[in-house]
2 protein chains.
Amino acid sequence: MTRRAGVSRSITTHDVAARAGVSQATVSLVLGGNPRARVAQATRERVVRAASDLGYRPNIVARSLVRGRSFTIGVIVPELANPFFLDVVAGVQRVATEGGYAVLVCDARQTSPGRHVETLRGRQVDGIVIDAVGLESLPVGALDDLQVVLVDEPSERFPGVASDALAAGRMAAEHLLGLGHRRFAFIGPATDVHTFRMRERGFVGRLREAGIAIPSERLRRAQPAIAPGQAAMKALLAQRDRATAVFCANDLLGLGALKTCLAAGLSVPRDVSLVGCDDIELARVVTPELTTVSVPARELGARAARLLLRELDHPDEPRRTHKPLPVRLMVRGTTAAPLTPAER
Amino acid sequence: MTRRAGVSRSITTHDVAARAGVSQATVSLVLGGNPRARVAQATRERVVRAASDLGYRPNIVARSLVRGRSFTIGVIVPELANPFFLDVVAGVQRVATEGGYAVLVCDARQTSPGRHVETLRGRQVDGIVIDAVGLESLPVGALDDLQVVLVDEPSERFPGVASDALAAGRMAAEHLLGLGHRRFAFIGPATDVHTFRMRERGFVGRLREAGIAIPSERLRRAQPAIAPGQAAMKALLAQRDRATAVFCANDLLGLGALKTCLAAGLSVPRDVSLVGCDDIELARVVTPELTTVSVPARELGARAARLLLRELDHPDEPRRTHKPLPVRLMVRGTTAAPLTPAER
DNA sequence: TTGTAAGCGTTATCAT
DNA sequence: ATGATAACGCTTACAA
């Protein structure tokens, strides 16, 4: 094969071998980092020397081919534009990089999860981290023979890590209840994504324990993003007997809701209390700052990656099961006691 | 080599060949997508049939090894957490995916650009898109023999695409000048990043043309992120004879500045006018919405990727040079005429 | 038109 | 301790 003109062929183990006066195999032994490689000290030094003289850099592609592993993993998230998932990815990247793996990042918004899995397979990834992407949406068998770790999605089939979404919802309810609210609303997606369902269930459940139900018109379905949050809040504001406290399934929705309230000339938290969920950086950028439930996104990603790498590098060790990661209420500027009838 | 137990060996061209009753090479010819492969229609069909029966999926790693190309590119950005760069990456990904390339995303915050380049090299990437990462910060020779396309950074050595940063600064000045402002401030990084330097130069230059200079105490240096923007604005607010209009080198800084103003009880834009740059989604989430200069991040990324792919796939075609991508002023809620002395 | 065979750069299993 | 040598799955002359 002739290389593209002008681009010099890169240094291989053969080149190093020639310079060090040893066989190519020996070079591989020395440079391959194989722990049980017994090479004479002198030879080893000659080889290392030659390698650094030549600027040798191992060809990962060749290594991948022979080892049957690419030292690459994939991570699929619902939407990279959501800072929460970006943090999950950051966590995955950190751990993966430390472990010598590269990460192929896939945004389910740009391409369907099924196609992403196909692509990742073709690239021989050693495993995939899948975050909150409904597994049912994948073709049957799409994940066969693949090492998969799930984030925020329970499964019998694959190991995973999750945050305590139920607690998140309960905390939000608890906080608002404690402030004296009695008329609640909820904004969240109707999707099958487990976390959102649990957040909602926790919220609704805690309210029910307090003897309060959310009438269906105050239960607004919206995709977990800013614009849908604005629209949903608009609908809520138009209602008579409107809610004094709204729990949003994530911060993006919360930010949208806040925007709508302020645009409508309402005072937050005087007129309406708002609670989000995730605690993305933006929550502290808006004015007033968004009260929210903090979810350790980065840690979630890091743990998922650790789980995956452990399966990959030590396949025999027993799987560790994680209990849900704790979440934390962050009381900030969008929640307060409701107005008394007199004040209104 | 024995595979890990339980994991079935994947289907290779040999398997397909056996089933179709042809040689392995023929399978490669048919399935390899080689345009100048002449195979009999009947054979071709048998092979395709066998492949799909077996669920054959080409091994990109093997293909990469023999072709000397990995069909993978890298993209290095200063900070993935900045939505602007995330959009650049999204643009790169879209084009790369269409062209059959995978993308390795590198955040200069997590690891130094030099190390990223090393890692990418080891993984045999075919090229790298580098966005606003000072090339001087790289070790000499780090980019040798590498196909590189630069975003928002001029260079003799590598092709690139850029936005019209000078115009961005001028537009901001023009707009504020038009509103009647005379006391200006600027918040931006002191880094060597070309775009920021140009935005500043455009702004300052346009003001100078109007006979106005920015006193040094109103020229605040801050890393291009939210928190530094808050701090810088705080300093600005503490000054007597303070500026009535502030141009921030990017939206993150602008958002921070806005936050500080509102927290200080000032009314924006009544008391202070603020202009950002980039036009990230967040600019429209805060209240009031941030006036800013829109920069086509996604398009920037897409063009960079197209440039790179063209060099990769058609090395002989002449390089296309891009003129700077136009930017656009988005007048929103954070700019207005300054208060008259009487109103103050 | 199709098959044979020589690699691509590495790892890993033997002999030596 | 070191060196042949055979894969890994594919592409691509070249031969048939």
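The values are calculated or read from the model by the stated rules, or taken from the named source; none is laboratory data. Here the structure is a predicted model, which is why all the values come from computation and not from measurement. Backbone-built Cβ (ideal geometry, glycine too); neighbour counts: all protein chains shown.
Please enumerate the residues belonging to region A:278-301 that are crowded, with 22+ Cβ neighbours inside 10 Å and assigned to a helix (DSSP H, G or I). Correct list: A:282, A:283, A:297, A:300, A:301.
Of all the residues in region B:120-150, those that are in a loop (DSSP other than H, G, I, E, B), among the small types (Gly, Ala, Ser) and surrounded by 21 or more Cβ atoms within 10 Å (Cβ to Cβ) number 1. In region A:27-40, of all residues being surrounded by fewer than 13 Cβ atoms within 10 Å (Cβ to Cβ) and within 7 Å of DNA strand D (Cβ to nearest atom), the one that is modelled with the highest pLDDT corresponds to A:40. Scanning region A:281-297 for residues that are out of contact with any Gly (no Cβ under 6 Å at 6 or more places or on another chain) and closer than 12 Å to residue A:335 by Cβ, we see that the one that is nearest to the other protein chains (Cβ to nearest Cβ) is A:291. Applying the condition of being polar (S, T, N, Q) and touching an Asp or Glu at 6+ places or on another chain (Cβ under 8 Å) to region A:29-78 and asking which residue is nearest to the other protein chains (Cβ to nearest Cβ) yields A:70.
If you go through region B:13-27 one residue at a time, do you hit one that is more than 12 Å from DNA strand C (Cβ to nearest atom) and closer than 30 Å to residue B:252 by Cα? No, every residue in region B:13-27 fails to be more than 12 Å from DNA strand C (Cβ to nearest atom) and closer than 30 Å to residue B:252 by Cα. Note on region A:120-137: residues that are out of contact with any Lys or Arg (no Cβ under 9 Å at 6 or more places or on another chain) and within 7 Å of chain B (Cβ to nearest Cβ) amount to 1.
Number of residues in region B:229-250 that are under 18 Å from residue B:263 (Cβ atoms) and touching a residue at least 40 places away in the same chain (Cβ under 8 Å): the value is 8. Based on this model, can you work out whether residue A:168 counts as more than 23 Å from residue A:294 (Cβ to Cβ) and of a type in the set (A, V, I, L, M, F, W, C)? No; evaluated as a whole, the condition is false for this residue.
Only a single criterion out of (1) surrounded by 23 or more Cβ atoms within 10 Å (Cβ to Cβ); (2) away from DNA strand C (no atom under 12 Å from the Cβ); (3) not in a helix (DSSP H, G or I) is not satisfied by residue B:84, namely (3).
Among the residues of region A:304-341, those that are over 30 Å from residue B:287 (Cα atoms), surrounded by 24 or more Cβ atoms within 10 Å (Cβ to Cβ) and in contact with a strand residue (DSSP E or B) (Cβ under 6 Å, 6 or more places away or on another chain) comprise A:304, A:307, A:308. Does region B:101-119 include one or more residues that are more than 10 Å from DNA strand D (Cβ to nearest atom) and touching a Phe, Trp or Tyr at 6+ places or on another chain (Cβ under 6 Å)? Yes, that holds for at least one residue. Every test in (1) in contact (Cβ under 8 Å) with a residue 12 or more places away in the chain; (2) farther than 30 Å from residue A:80 by Cβ; (3) part of a loop (DSSP other than H, G, I, E, B) is passed by residue B:53 save one, and that test is (3). When B:92, B:61, B:66, B:16 are screened for being under 16 Å from the mean Cα position of the chain (by Cα) and not in a loop (DSSP other than H, G, I, E, B), only B:92 passes.
A count restricted to region B:40-73 and to residues that are among the polar types (S, T, N, Q), more than 9 Å from DNA strand C (Cβ to nearest atom) and within 17 Å of residue A:64 (Cα to Cα) stands at 3. With the structure loaded, tell me whether residue B:105 is part of a strand (DSSP E or B) and not basic (Lys, Arg) or whether it fails that test. Yes. Only one of the numbered conditions (1) of a type in the set (Gly, Ala, Ser); (2) within 11 Å of chain A (Cβ to nearest Cβ); (3) more than 16 Å from DNA strand C (Cβ to nearest atom); (4) touching a residue at least 60 places away in the same chain (Cβ under 8 Å) is not met by residue B:100, and that is (4).
For the residues B:267, B:273, the requirement of being of a type in the set (S, T, N, Q) and either at pLDDT below 95 or within 15 Å of residue B:331 (Cα to Cα) (or both) singles out B:273.
Quick grid of which residues meet (1) at pLDDT below 95; (2) of a type in the set (D, E, K, R); (3) surrounded by 16 or more Cβ atoms within 10 Å (Cβ to Cβ):
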{"position": "B:42", "(1), (2), (3)": "yes, no, no"}
{"position": "B:53", "(1), (2), (3)": "yes, yes, no"}
{"position": "B:61", "(1), (2), (3)": "yes, no, yes"}
{"position": "B:69", "(1), (2), (3)": "yes, yes, yes"}
{"position": "B:77", "(1), (2), (3)": "no, no, yes"}
{"position": "B:89", "(1), (2), (3)": "no, no, yes"}
{"position": "B:96", "(1), (2), (3)": "no, no, yes"}
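If you check B:268, B:275, which single one turns out to be touching a helix residue (DSSP H, G or I) at 6+ places or on another chain (Cβ under 6 Å), farther than 27 Å from residue B:90 by Cβ and either surrounded by 24 or more Cβ atoms within 10 Å (Cβ to Cβ) or within 11 Å of another protein chain (Cβ to nearest Cβ) (or both)? Of the residues listed, the single one that is touching a helix residue (DSSP H, G or I) at 6+ places or on another chain (Cβ under 6 Å), farther than 27 Å from residue B:90 by Cβ and either surrounded by 24 or more Cβ atoms within 10 Å (Cβ to Cβ) or within 11 Å of another protein chain (Cβ to nearest Cβ) (or both) is B:268. Among the criteria (1) within 14 Å of chain A (Cβ to nearest Cβ); (2) closer than 22 Å to residue A:65 by Cα, the one residue B:86 does not fulfil is (2).
Just so you know, in region A:238-265 the residues that are crowded, with 17+ Cβ neighbours inside 10 Å and closer than 20 Å to residue A:182 by Cβ include one that is nearest to the other protein chains (Cβ to nearest Cβ), and it is A:261.
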